[in-house]
Amino acid sequence: MLEFILTKTFEERSAKFLYSQCWLNGGGSRARDLCKILKAQGDCREIFLPSYYKDGSPLSEADYQDTASINNIIRNDAVGAKAIDYAYLDVLTIDTVAQATKANWGVVIGVTGDDNGTWHSKFPTPPIKGEWGHWLFVIGAKLINGKKYIKVLNSWGEKIGENGKQWISEDYFNTICKGYNAVWEAWTMVLNKTDEKRNLLITILMIISKLFNKK
């Protein structure tokens, strides 16, 4: 079940609805494609199109890709969760991410990481090898000992960091790994700022950060 940090109420939306329509060969998806679906179609409720088996485990890749069960009832339900628009942060710094997080209730960032042992801690260190990519959901920003950090919610469970929350440093943003920025992409959805829309945005961004680890 998805965790939400701004409210205790939520209505979970279907990751399968999104992923089944834009998956890539080899697995994963592109954030822009997910955002396009959210703007054009919305996203149906999880109860209409489950993303998990009855035992709580995630669907297999083949079942995630299958679109046969997306009928008119599901599509009509998805319309109620349309985004007004989406935005790509073309200037990607810790400051622009913090500003976009405050303005739009959250940002999803793509990061490169290493299996260096720090990704179970509150403060992951910047990569050197660039062993994998992952999406993180940004929920805040703070100065810690005079240095800039953004607060993220990881999708790896509550045992990571502090109840699933971690801090990404400005040094991480400034790191170049294999010729690319260690923080390589950022997206945010644009929605009406009511409680209902806020809950939806959190759901949408968590779906993106939880399931799709390829750019």
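Since every read-out is calculated from the coordinates, none of them should be taken as a lab result. Predicted model only: the values in this text are computed from it and were never measured. Here the Cβ positions follow ideal geometry from the backbone for every residue, glycine too, while neighbour counts run over all protein chains shown.
Per-residue Cβ neighbour counts within 10 Å put Arg30, Arg198, Arg13 in the sequence Arg30, Arg198, Arg13, beginning with the fewest.
The angle separating the long axis of helix 94-104 from the principal Cα axis of greatest extent in the chain is about 30 degrees. Once the Cβ-Cβ distance of Ala40 and Ile144 is raised to the sixth power relative to R0 = 30 Å, the FRET efficiency obtained is 0.15. Near Lys148, the amide H atoms lying under 5 Å from its own belong to Glu170; only residues 5 or more places off or on other chains count, and H is placed 1.01 Å from N.
Only Cα pairs under 8 Å and 6+ residues apart enter the sum, and on that basis the relative contact order of the chain stands at 26 percent.
Applied to the range 65-75, the Karplus parametrisation 6.51 cos²θ - 1.76 cosθ + 1.60 on θ = phi - 60° returns per-residue 3J(HN,Hα) values of 6, 5, 10, 4, 8, 7, 9, 5, 4, 5, 5 Hz, with x for Gly and Pro. Computed over neighbours whose Cβ is under 14 Å from that of Ile150, the net charge equals +4, Lys and Arg +1, Asp and Glu -1. For Tyr86, nonlocal amide neighbours, meaning residues 5 or more places apart or on other chains whose placed amide H falls under 5 Å from its own, are Val190. Report summary: the helix-based calculation at 222 nm, which adds -39500 (n - 2.57) for every DSSP H run with n ≥ 4 and divides by the residues of the chain, gives -8000 deg cm²/dmol. By the rule of a C-alpha distance below 18 Å, with chain neighbours fewer than 8 residues away ignored, the aspartates and glutamates paired with Lys122 are Glu3, Asp114, Glu158, Glu162, Glu170, Asp171.
3J(HN,Hα) couplings calculated from phi for the range 178-186 with the Karplus curve 6.51 cos²θ - 1.76 cosθ + 1.60 (θ = phi - 60°) are, in sequence order, 6, x, 10, 5, 5, 9, 10, 6, 8 Hz; Gly and Pro show x. The angle between the Cα long axis of helix 31-40 and the main principal axis of the chain comes to about 40°, on a 0 to 90 degree scale. Can you tell me how the range 87-187 classifies by the Cα gyration tensor, rounded, prolate or oblate, using a/c under 1.5 as the rounded cut? Judged from the Cα gyration tensor, the range 87-187 comes out rounded (a/c under 1.5).
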